[in-house]
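Enquirer: Encoded as structure tokens, here's the structure I'll be asking about.
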Amino acid sequence: MTISRDSAETLALQALAWLAANDDLLPVFLGSTGASEAEVRARATDPVFLGAVLDFLMMDDAWVIGFCDDETIPYDRIMQARAALPGGEQVNWT
């Protein structure tokens, strides 16, 4: 199943809101991106940044499971959304 870019952006915004509400995970996200909270707010509508949010989330299965369970989203939807955003295209090296 493929999802539209608009749907992908919406899901990534949900993920960003989930991260922002997570007192333990938000500092990890900010540290790994080097972004401040103000920069996160300013770039929340940037599709490239939203792709980075999903990349971060997919770094740990526990984070994927936590987000998807909290939001009642199928686990594979994050990967599908990532593919619909800039930089998420599957690379063919042949």
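Enquirer: Could you tell me which numbered condition Glu9 fails, if it satisfies all but one of (1) closer than 20 Å to Ala84 by Cβ; (2) under 14 Å from the mean Cα position of the chain (by Cα); (3) surrounded by fewer than 15 Cβ atoms within 10 Å (Cβ to Cβ)?
Expert: The single condition Glu9 does not satisfy is (3).
Enquirer: Out of the residues in region 65-82 meeting the condition of being within 12 Å of the chain's Cα centre (by Cα) and touching a residue at least 40 places away in the same chain (Cβ under 8 Å), tell me which one is nearest to Leu16 (Cα to Cα). Let's see the steps before the verdict.
Expert: Of all residues in region 65-82, those within 12 Å of the chain's Cα centre (by Cα) come to 67-68, 77-82.
Applying the additional criterion that residues be touching a residue at least 40 places away in the same chain (Cβ under 8 Å) yields 67, 77-78, 80-82.
Working: Phe67: 10, Arg77: 15, Ile78: 12, Gln80: 16, Ala81: 13, Arg82: 13 Å.
The selected residue is Phe67.
Enquirer: Name the residues in region 65-87 that are surrounded by 13 or more Cβ atoms within 10 Å (Cβ to Cβ), part of a loop (DSSP other than H, G, I, E, B) and out of contact with any Pro (no Cβ under 9 Å at 6 or more places or on another chain), would you?
Expert: The one that is surrounded by 13 or more Cβ atoms within 10 Å (Cβ to Cβ), part of a loop (DSSP other than H, G, I, E, B) and out of contact with any Pro (no Cβ under 9 Å at 6 or more places or on another chain): Ile73.
Enquirer: For Ala62, indicate whether it is farther than 15 Å from Gln14 by Cα, assigned to a helix (DSSP H, G or I) and under 13 Å from the mean Cα position of the chain (by Cα).
Expert: no
Enquirer: For region 16-34, indicate whether the set of residues that are farther than 17 Å from Arg82 by Cβ and touching a Lys or Arg at 6+ places or on another chain (Cβ under 8 Å) is non-empty.
Expert: Within region 16-34, none of the residues are farther than 17 Å from Arg82 by Cβ and touching a Lys or Arg at 6+ places or on another chain (Cβ under 8 Å).
Enquirer: I'm trying to understand the selection: among the residues of region 2-42, which are small (Gly, Ala, Ser), touching a residue at least 12 places away in the same chain (Cβ under 8 Å) and either touching a strand residue (DSSP E or B) at 6+ places or on another chain (Cβ under 6 Å) or in a helix (DSSP H, G or I) (or both)?
Expert: Applying the first criterion (small (Gly, Ala, Ser)) to region 2-42 yields 4, 7-8, 12, 15, 17, 20-21, 31-32, 34-36, 38, 42.
Add one more test, that the residue is touching a residue at least 12 places away in the same chain (Cβ under 8 Å), and what stays is 4, 7-8, 12, 15, 20, 32.
Of everything in region 2-42, those that are small (Gly, Ala, Ser), touching a residue at least 12 places away in the same chain (Cβ under 8 Å) and either touching a strand residue (DSSP E or B) at 6+ places or on another chain (Cβ under 6 Å) or in a helix (DSSP H, G or I) (or both) turn out to be Ser7, Ala8, Ala12, Ala15, Ala20, Ser32.
Enquirer: Residues of region 12-52 being surrounded by 14 or more Cβ atoms within 10 Å (Cβ to Cβ) and of a type in the set (Ser, Thr, Tyr), which ones?
Expert: Within region 12-52, just Thr33 meets the criteria.
Enquirer: For Asp55, are the conditions met, namely being surrounded by fewer than 16 Cβ atoms within 10 Å (Cβ to Cβ) and out of contact with any Gly (no Cβ under 7 Å at 6 or more places or on another chain)? Break it down into steps so the answer makes sense when it comes.
Expert: Details: surrounded by fewer than 16 Cβ atoms within 10 Å (Cβ to Cβ): no; out of contact with any Gly (no Cβ under 7 Å at 6 or more places or on another chain): yes.
Spelling it out, it is not the case that Asp55 is surrounded by fewer than 16 Cβ atoms within 10 Å (Cβ to Cβ) and out of contact with any Gly (no Cβ under 7 Å at 6 or more places or on another chain).
Enquirer: Let me ask something else about it. In region 39-74, which residues are among the hydroxyl-bearing types (Ser, Thr, Tyr) and at pLDDT below 95? Write out each step before concluding.
Expert: Residues of region 39-74 among the hydroxyl-bearing types (Ser, Thr, Tyr): 45, 72.
Within region 39-74, Thr45 is the sole residue that qualifies.
The values are calculated or read from the model by the stated rules, or taken from the named source; none is laboratory data. As the structure is a computational prediction, the values presented were derived from the model and not from experiment. Glycine also receives a Cβ, built like all others from the backbone with ideal geometry; neighbour counts cover every protein chain displayed.
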